[in-house]
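Structure first, commentary second.
Just so it is clear, none of the values below were taken in a lab; they were calculated from the coordinates. For clarity, every value in this text was computed on a predicted model and none was experimentally measured. Please note: Cβ atoms are built from the backbone with ideal geometry, for glycine as well, and neighbour counts cover all protein chains shown.
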Amino acid sequence: MRILFLTLLICSSSVLAEIPLQMGPVSQLEMKKLPNGAVDLSITGVNPHFWTSVVPESFDPEKDTILTFDYFSPSGISAFSVRYRQNDESMVLAATSPIPLAETWQPIAFDLSEAEPALTPPDDKSRFHFALKYKPNTGLQIRNIRLREPNEKERIAVQERERIAAEKEADARAVLEYFRSDYPGQIDEVVVGKENITVRGFHEGLIELRELREVHPSHVTDVPEATIRKGLIGNFEIEIPRFAAPNKRDRAFSRWRLETAGGEIASLARWGTIGEGVAKDLPELKSNHQKGLGGIPLITSPDHEIFELGIGHATVNFVVDALLSDKPRPGNEKIMFEGRPYYMNRKFLQQREMTVSNLCSQNVIVTAILLVGNHGNSIMAHPEAEARGTYAMPNLKNGEGADLYRAALHVIGNHFNQPEKRIVNWVIHNEVDQAGTWTNMGEQPLARYLETYHRSARLVYQTMRLHDPNARVFISLTHHWAKRSLGAGTYTVNEMLPLFNEMGRAEGDYEWGVAYHPYPQSLRNPDHWNDSDVRTTFDTPYITPKNFEVLPDYLAQDHYRYEGEPRGILFSEQGWNSPTLSIEDQSRQLAGLVEFFRRLPEYPVIEAFHLHRYQDMPDREGGLRLGIIDEHGNRKLAWHAYEAIETDAMGPFEAMADQVIESRPAE
């Protein structure tokens, strides 16, 4: 996110006019006023936030671009986000940053100048909103919240930020130029065997073969890895040992390209295809229906109540950095990977194993969602990730972070490739078009962001195919399509998918699919049949339950197909909110579910529908009640409807859905 400038420096000696702000309402915070004029804020819930009072009319957002206050916090805050309520009542994320620990009063400043969209002059509803991210029972003291013009140091910092942004834009252009250029040579095939890697290609003149590791973007020429073979000419076929000395580093995760003796790129890079006999002989998994579940709890027994629903699919979250660390932690077990020690959280692995094993015992196909925590204390998170992101892009920028990520993937793939505990589908991170929150890599041009994401997807694919010949990966996307979501750190889905496809085809196509989240247009309103901003054409702003067929039609186009077949689709997260627990609102949730499943079986390319979620969590999901049991464990009407789907017991629920839909026409 091209956001904020954080300074702990005392302001320059020149006096800047200031606009004071007063404290307003708080939520999930305990607030105490202190004698020195400060307030003490202690976190009591999972989504702590507070407001200022109404912003004074004297605030000029073009001039007063610095929001600042003094603070005291012996623990620090992992993320502090500043939002502004515009005069059209929309909310704009203006800045975000961690707050370092401070055992004395310190000033801190947030630069609001690059908020997107730009802040508007205040009216009688304009306020600032502050959201905190940290552990309960910690907090901070603040005083003197105010707005002012930037000082000289802050103006210089803006210039530096603009310089960095320009460098990123230039790098993004280089990414596109690499993928779209014509080269004199080509690598036709790379086959990964048990002990060797075979590379086949062509070049008219003398050429060199270069290995690119996972930390190397394909468009970069300054690659320190040694040239593997020199003096190649014409059609060639060479074999390379798969495991490199001295630590038997596995080259199955490398790409290969041709270069001139002067280091100029002479071909597109190419990833390897895992050859026959490398992975276990595991069968392809198929279910006879699409009904599945997300938000799966820990499942300790095959008698768990979720199996009463008759599901054939389930998603399980894997926070990868919670599994493996590069440093010893209490209770962790030392393991070795390619000659280096790592430290595994065996309890974390066993909990996932218990859940996956019980799902597999009931013939449920398991999909894992791979996430990288954005805690600021793991080298696995991308170094450019901002504190506001819940999860981060994995660190494929430096060797230590990439090796840790690869080691964790190896542990997971090696562990879950057995019939009794098998994961076959791998969703690569979460909602990457909402990158600022769910796969944060900092503010990036689309091509630069997707180039890293593409490497992560290929790395997972290579790893899992070494263990399971049917493993597939999926790009995770929200219900936005041609309409970009508001806020910084977001991208437009119908611009992301073509570029992701282009990158994959350029370097050797592979079996990726789409994990889409077709929620209703408004997550709070379950009446998707009344969604107004949707069409059945490829330029639709949203893809929701009302027009979900747009996605399979789009991916059926020839240039998206893999080996002649349409890309696989998982509807890996979506559901209907019951605004309250009243019978009326529960009936609306039921109606959305039933109406959707009337049409879904017509599209078998949509392999699974993972209902989000199993249980309501209104405190953690902004008041949404998407579950089919409430937070107290009581089954909602939607539970009974979902249990009946794909059975002969659907009649009464279809009648109930029809009645609800007829009674709630579009306004």
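Here is how the numbers come out for the structure above:
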read-out	value
Links that overshoot a 25 Å alpha carbon limit, given the list 291/421; 280/421; 248/421	248/421
Estimated dipole of the chain in Debye, rounded to 20 [Cβ of Lys and Arg +1, of Asp and Glu -1, Cα centre]	1740
Listed peptides 444-450, 293-299 by packing density, highest first (mean Cβ within 10 Å)	444-450, 293-299
Rounded Å value of the spacing that divides the Cα centres of region 212-286 and region 586-658	47
Residues 238, 428 arranged by fewest to most Cβ contacts within 10 Å	238, 428
Net charge of Cβ neighbours under 13 Å - reference residue 546; Lys, Arg +1; Asp, Glu -1	-2
Amide hydrogen neighbours beyond the local backbone of residue 212, cut-off 5 Å, H modeled	255, 256, 257
Cβ-placed point charges (K, R +1; D, E -1), dipole of region 608-667 about Cα centre in debye, nearest 20	200
Lysines with Cα under 24 Å of residue 32, excluding same-chain neighbours fewer than 8 positions away	133, 135
From phi via Karplus (6.51, -1.76, 1.60), per-residue ³J(HN,Hα) for region 142-147 in Hz, x at Gly/Pro	9, 7, 6, 6, 7, 10
Mean shadow area of the chain, taken as a quarter of the surface of its Cα convex hull (nm²)	31.7
Spatial separation of Cα centroids for region 420-486 and region 134-202, in angstrom	16
Charge context of residue 179, other residues only, Cβ under 15 angstrom, K/R +1, D/E -1	+1
